[in-house]
Amino acid sequence: MRKRELNMRLALLEALVLIVAAIVLGVAFTFVTHQGFFAKTQPMPPAATPNMEMISLAQAKEYLDSHNALFIDARHEFDYQEGHIRGAVNIALKKFDAHITRLNKISKDKLLVVYCDGAECNSSIELTVKLIESGFTNVKVFFGGWQEWNSAKLPVEK
Amino acid sequence: MKSLFSNKILILLIRIFLGGIFVIASLDKITDPQAFANSILQYKVVGPTLAMCTATILPSLELLCGLSLIIGLYPRGCALLITVMLVGFTILVFSALLRGLDISCGCFSQDPLVNKIGYQKIAENCGLIMLSVWLLFVKNQDINILQFLRKHPDKS
């Protein structure tokens, strides 16, 4: 009985050491690789695409008020769930292929407004390119994105 | 029968098997913690911050436990943590099934379309829990791969 007690105490101590090591490793790894809590998007200049139209905050707001536009949030689902433009759907750039069936139900001339985090995020542009390649003819990029929209205290939801 | 369950070679093989599963399971999660956080959110039990905390720490814990178990470092501590993780995850999957959630397990891949949860996953986990509990309480833990290889060198 005493030996079993010692074994359990040893197991608990070993477990504690492993937990502490895991915390240190996890935090250090995500810090070094800029992921998780330390994630930041790479600033890139907007790609020049002939069929792509950049719109301003005011224009984006007009489109939202007109109820004619479908807003698409190109960010990771995690960021989308933290908050997004009211009525926007989430089509993360990395998960584009998984949404093909859903996208095919949308009319190709539907007004789409694509955004991501803001000026330091290129996902909206890359997603727009994919949408245009998929046959959508009326796609706008709200390049100011979530940061500009939220800073202006415009309608959002979680 | 008693000697079979205390057999050092059997202990070693099961450590490698269980440890290997956890190492493989951790790799996809470590490389994309945000995707793993999303998988956690699908279970609808914690909010985004706690999901991200879990996504930051849990894959590292799986990797460390898996590697440690394979090489024979802190075997009981690893077995204890693996048991806790498996029991916790099994309860989570069961809860999700009861609530009718049609979601991916998030165990080995963060692709939302693969490895959907089901009672098969629960049965698999129960099997792994039995192995980890056995490793936690079995005697003769003073064996590791290096010792085994030294005692049984390749004779070719």
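Coordinate-derived values only; no laboratory data. All figures in this text were calculated on a predicted structure; none of them were measured in a lab. All Cβ positions, glycine included, derive from the backbone under ideal geometry; neighbour counts span all protein chains shown.
Here are some notes:
- Top of A:L12, A:L93, A:L131 by mean-square fluctuation, Gaussian network on chain A, Cα under 10 Å: A:L12
- Inter-site label distance for A:A98 and B:N7 at 7 Å from Cα along Cβ, in nm: 4.3 nm
- Among A:E82, A:E14, A:E126, residue whose mean-square fluctuation peaks in a GNM of chain A (springs only between Cα atoms under 10 Å): A:E14
- Long pairs among A:K108/A:K153; A:K105/A:K130; A:K95/A:K158; A:K130/B:K121, criterion Cα-Cα beyond 25 Å: A:K108/A:K153; A:K130/B:K121
- Of the residues B:E62, A:E157, the one with the fewest other Cβ atoms within 10 Å heads the list, and the complete ranking is A:E157, B:E62.
- Of A:H99, A:H34, A:H76, the one that fluctuates the most in a GNM where chain A has Cα springs shorter than 10 Å: A:H34
- Extension gain (nm, one decimal) between A:N150 and A:A21, 0.36 nm per residue minus Cα-Cα: 42.6 nm
- The ranking of B:C126, B:C78 from fewest to most other beta carbons within 10 Å of each one's beta carbon is B:C126, B:C78.
- FRET efficiency estimate (nearest 0.05) - Cβ-Cβ, B:L92 to A:E5, R0 30 angstrom: 0.45
- With neighbour counts taken as other beta-carbon atoms within 10 Å, the residues B:I9, B:I57 rank, fewest first, as B:I9, B:I57.
- Near A:E157: Cβ cut-off under 14 Å, other residues only, Lys/Arg at +1 and Asp/Glu at -1. The net charge is 0.
- Inter-centroid distance (Cα atoms) of the range B:29-56 relative to the range A:80-158, Å: 22 Å
- Environment charge of B:Q34, counting only residues whose C-beta is closer than 11 Å and scoring Lys/Arg +1, Asp/Glu -1: 0
- Shielding by partners - mean other protein chain Cβ count within 10 Å, residues of A:124-136: 0
- Placed amide H near A:V113: partners under 5 Å, 5+ positions off or other chain: A:L70, A:F71, A:I72, A:K140
- Pair A:V89, A:E133: separation of 7 Å Cα→Cβ label points (nm): 2.0 nm
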